[in-house]
Amino acid sequence: MKKSVTTFFLIALSAAVLGAGNHGGSGSTASVSGGTNTFIETYDDGTDVGLWHCSVNVPRILETNGGNPGAYIQQGGFSSHVPTWASISPRFQPGVNDTYKIDSIYTGDWTTLGATSIIVDLNIIQVATWGTDRAVTLELLQMDDTGFNVNYDATYTLPDLPEPPVGWQTYSFPVDANSPTIPDGWVFTHGDGSPGTDVEWSQFLHRIDLTSIGYYKPGFAYPGLGTWILGIDNIEIDFQAGPTPTPSLTPTPTSTPGATPRPRPTPHPRPMPH
């Protein structure tokens with residue numbers, strides 16, 4: 001049986017966004033450096049590419065200062081077991097909060113795009129409840145034709161955060177959409193929980209319907225007391241277009257990234273921190 005995400009989405013995201021608008025990509029930065037393309041949403045002229053959000057129950061605020069640096073998106077005053085930012089395609093649960101979904105570079109065909117990594121600046125302005133087993137996790141979902149059941153689910157979890165991080169932190173995730181095998185560090189499954197295969201990896205990334213980044217580890221339960229105030233800034237996707245690969249038996253090695261300070265966004269590739 002395919003995995004239904006109706007309950008999953010309510011738990012994992014706490015819902016989707018209020019008061020957001022899309023004004024195009026003119027406030028974001030894009031560049032080409034060393035053969036790698038980079039797109040960064042900086043929010044510095046009021047753009048809102050991707051409609052990143054963590055709740056439908058409270059407004060999103062485009063703050064003009066206080067980011068890393070400059071403008072950023074803030075959401076606060078909501079409760080959640082797993083506070084999670086997400087960018088959602090209209091293909092995800094069509095008819096449910098459709099106003100708060102958008103097709104953007106953060107979803108869609110990452111294989112053809114040649115996505116290599118996602119880098120994001122996050123800030124916990126107010127902590128609700130924490131625990132020694134929280135970490136930052138990137139999750140990607142592909143839905144079936146109805147949009148209510150999961151075809152594929154992939155997660156990449158960074159090292160544990162025993163204490164809530166203070167101030168703006170930069171989190172880097174390797175993606176490698178054109179890898180011939182499932183990259184090291186990713187947990188890739190079908191909607192029923194069975195393991196995905198190397199052949200299916202780039203197939204899966206041909207259509208991403210939900211991209212989320214949250215303070216949790218898959219499979220762990222957390223308390224839901226208190227309210228959060230969170231910030232997000234400089235959501236970067238690096239990509240290098242290339243042909244869909246033929247799977248091989250040799251895994252693609254990757255480093256283990258972590259959180260590092262990023263005082264200013266820089267539109268060029270950055271090494272994954274160890």
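The values are calculated or read from the model by the stated rules, or taken from the named source; none is laboratory data. Just so you know, these numbers come straight off a predicted model, no measurement behind them. Cβ coordinates were reconstructed from backbone atoms using ideal geometry, including for glycine residues, and neighbour counts include every protein chain displayed. Just so you know, the surface numbers come from the protein's heavy atoms only, side chains and all, with ligands and any DNA or RNA stripped out. Shrake-Rupley method; radii C 1.70, N 1.55, O 1.52, S 1.80 Å.
Data table
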quantity: Heavy-atom accessible surface of segment 102-190: percent carbon and sulfur, 1.4 Å; calculated: 54 percent
quantity: Positive dipole terminus of segment 101-163, leading residue within P159, Q142, Q126 (C-beta point charges); calculated: Q126
quantity: C-alpha center-to-center spacing [segment 152-217, segment 59-125] in angstrom; calculated: 16 Å
quantity: Area of E163 that stays accessible when all protein chains are in place (1.4 Å probe, Å², to 10); calculated: 130 Å²
quantity: Label point distance in nm, L225-S79, each placed 7 Å from Cα along Cα→Cβ; calculated: 1.1 nm
quantity: Debye, to nearest 20: dipole size of segment 80-193, +1 on Lys, Arg Cβ, -1 on Asp, Glu Cβ; calculated: 240 debye
